[in-house]
Each structure stands twice: as C-alpha cells, then as structure tokens.
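The values are calculated or read from the model by the stated rules, or taken from the named source; none is laboratory data. These figures come from a predicted structure and were not determined experimentally. Here the Cβ is made from the backbone with ideal geometry for all residues, glycine too, and neighbour counts use every protein chain on show.
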Ligand SMILES: NC(=O)c1ccc[n+]([C@@H]2O[C@H](COP(=O)([O-])OP(=O)(O)OC[C@H]3O[C@@H](n4cnc5c(N)ncnc54)[C@H](OP(=O)(O)O)[C@@H]3O)[C@@H](O)[C@H]2O)c1
C-alpha cells in the first residue's frame with residue numbers, strides 16, 4: 001500500500017494523540033495540529049520520526065487554511081478532535097455555553113473539512129467527533145444539540161463528498177487530558193457518575209477511542225455513520 005499521511009487536528013493530547021500514536025506505529029505519517037506550541041512540540045517528540053505538526057486554532061478559518069496549505073500533501077484522512085468549550089443550562093441564557101459552544105465544536109469541524117478538501121485523496125476517510133450526549137443528554141441542551149448537529153454534518157457530507165467517506169465518532173466519558181487537567185474531585189465524581197450510567201461501568205481509555213477512529217478511517221464500506229464508543233451508555 002502507498003504511504004499514507006493523516007491530519008490529526010487536536011493531536012497533541014487525548015484521543016487525537018492516541019490515534020496519532022496508532023497511525024505512526026503502523027508506519028503511516030501524521031501531521032498534528034493544536035493551539036499550544038509547547039504541547040504540540042512535546043507530542044511530536046513523543047511520536048517520533050513519523051510525525052510533524054503545526055499550530056492551528058479551529059475557531060479561526062484563516063488559521064485552518066494555513067494549516068492545510070503549509071502541508072501541501074494529499075491526505076488519507078483528517079481526524080478532528082480539537083474543541084475547547086463550556087457547557088451549561090439552557091435557563092442560564094449564556095451565549096458561551098450555546099453560540100460559542102457551536103463555534104468551538106460544530107463550525108470548527110465544518111470549516112476544517114472545508115479547508116482540508118483540496119488536499120483530500122479521493123479514497124480519503126474523514127472522521128468528525130461528537131459525543132454521546134447527542135443521543136442521551138443529561139442536561140446542557142445546547143451541548144446535546146451541538147453533538148447531534150456534528151453527526152448530521154457527517155451524514156450530509158458523506159453524500160456530497162463521495163467517494164470521500166465521512167463518519168463521526170461519538171465517545172462517552174473518556175479518561176483523557178480533558179478530564180485529567182481538571183481538579184481530582186470533579187474528575188472522580190464525573191467518572192463515578194459515568195460508571196453508574198453506562199453498561200461497562202467505567203470511562204473509556206483513549207486507546208479504545210483511537211481504535212474506533214482507526215476503524216472509521218480504514219473501513220471502505222463505512223460512510224455517513226456515527227459510531228458510539230460509549231460503553232453502552234446510549235442504549236440504556
Ligand atoms: N474525553 C471525553 O470524556 C469526551 C467525551 C465526549 C466527547 N469528547 C470529545 O472528544 C474531543 C476530544 O476530546 P479529548 O478527550 O481528546 O480532549 P483533550 O485531551 O483535551 O484534547 C483536545 C485536543 O484538541 C486541541 N484543541 C482544543 N481546542 C482547539 C482549537 N480551538 N484549535 C485547535 N486545537 C484545539 C488540544 O490542544 P490545545 O489545547 O493546545 O489546543 C488537544 O490537542 C472533543 O471534541 C470532545 O468534545 C470527549
């Protein structure tokens with residue numbers, strides 16, 4: 001098989017980094033993107049010779065365009081796990097947890113695929129990232145709607161961009177830096193609640209999410225799908 005290069009937007013930590021590790025381990029090349037130059041450099045060093053990277057902010061279209069233009073490579077797939085946002089109750093009426101959330105998680109992925117388009121091979125697979133709250137919200141209705149919108153975006157893009165395949169990974173609570181960087185008490189109570197709400201009774205490991213993403217990138221018969229890697233959370 002010819003050499004493959006993947007863009008992992010959000011590849012300096014968490015699920016994106018775990019996927020980058022899996023791709024490099026099997027001999028593919030990765031271009032990772034994230035905002036913090038320090039985290040990015042550390043991640044590239046850990047990934048080794050198969051990895052390069054560049055800073056990017058997915059809330060800024062010009063920054064996304066520069067990221068892809070600087071690579072000038074044909075990509076076998078972008079994986080987009082980059083998102084930084086806050087969630088909150090509808091009754092608070094806070095634009096940060098509604099409109100800004102959509103900018104950070106929905107429009108960022110929409111424009112990232114758009115800017116990536118000139119660099120995608122016809123056999124490429126795109127993997128977007130939502131979250132299991134799309135199907136089973138606990139609250140935060142704008143967050144549920146945003147994740148559902150990302151899943152709808154994947155279905156619509158799968159039609160319009162064919163033969164490029166477009167899928168969505170919808171994780172449940174996953175033990176990544178997203179949680180590890182939060183206070184221990186907050187993290188442990190979230191993990192405890194998750195353990196009681198899902199079937200496997202524990203948060204996911206980042207490697208489990210990376211394997212799910214890899215499946216969506218690789219499997220030529222998967223398009224327009226949302227894969228719930230959520231320990232059975234959404235069917236309970
Ligand atoms: N972990 C979970 O429990 C969970 C559950 C459901 C859904 N998800 C979804 O999964 C995705 C990733 O989660 P994760 O656990 O891997 O998070 P993570 O460990 O915090 O990693 C996020 C990555 O994205 C980058 N990033 C954040 N905002 C960015 C931006 N605006 N532009 C470019 N890069 C950005 C971060 O680096 P910088 O900060 O340096 O930019 C980092 O590399 C998110 O979409 C999240 O909503 C996660």
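Below, the figures for the structure above:
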item	result
Within the range 23-54, tally of residues that are within 12 Å of the ligand (Cβ to nearest atom), crowded, with 17+ Cβ neighbours inside 10 Å and outside any helix (DSSP H, G or I)	6
Qualifying residue in the range 190-201 (condition: touching a helix residue (DSSP H, G or I) at 6+ places or on another chain (Cβ under 9 Å), in a helix (DSSP H, G or I), at pLDDT 95 or above and farther than 23 Å from residue 126 by Cα)	yes
Of residues in the range 2-19 being touching a residue at least 60 places away in the same chain (Cβ under 8 Å) and in a loop (DSSP other than H, G, I, E, B), the one surrounded by the fewest Cβ atoms within 10 Å (Cβ to Cβ)	4
Test: residue in the range 179-192 that is without any contact (Cβ under 8 Å) to a residue 24 or more places away in the chain and more than 29 Å from residue 95 (Cα to Cα)	yes
Selection status of residue 154, farther than 21 Å from residue 23 by Cβ and surrounded by 14 or more Cβ atoms within 10 Å (Cβ to Cβ)	no
Residue that is nearest to the chain's Cα centre (by Cα), among those in the range 100-147 that are under 24 Å from residue 68 (Cα atoms), outside any helix (DSSP H, G or I) and near the ligand (Cβ under 10 Å from one of its atoms)	129
Any chance residue 59 is more than 23 Å from residue 169 (Cα to Cα) and within 17 Å of the chain's Cα centre (by Cα)	no
Count - residues of the range 69-99 that are over 29 Å from residue 207 (Cβ atoms) and assigned to a loop (DSSP other than H, G, I, E, B)	6
Tally, over the range 55-65, of residues that are surrounded by fewer than 16 Cβ atoms within 10 Å (Cβ to Cβ) and away from the ligand (no atom under 12 Å from the Cβ)	1
Sole residue being near the ligand (Cβ under 9 Å from one of its atoms) and within 23 Å of residue 170 (Cα to Cα), chosen from 18, 89	18
Filter result for the condition that a residue is under 20 Å from residue 147 (Cβ atoms) and surrounded by fewer than 22 Cβ atoms within 10 Å (Cβ to Cβ), over 198, 229, 168	229
Any chance residue 175 is near the ligand (Cβ under 10 Å from one of its atoms), over 27 Å from residue 94 (Cα atoms) and over 13 Å from the mean Cα position of the chain (by Cα)	yes
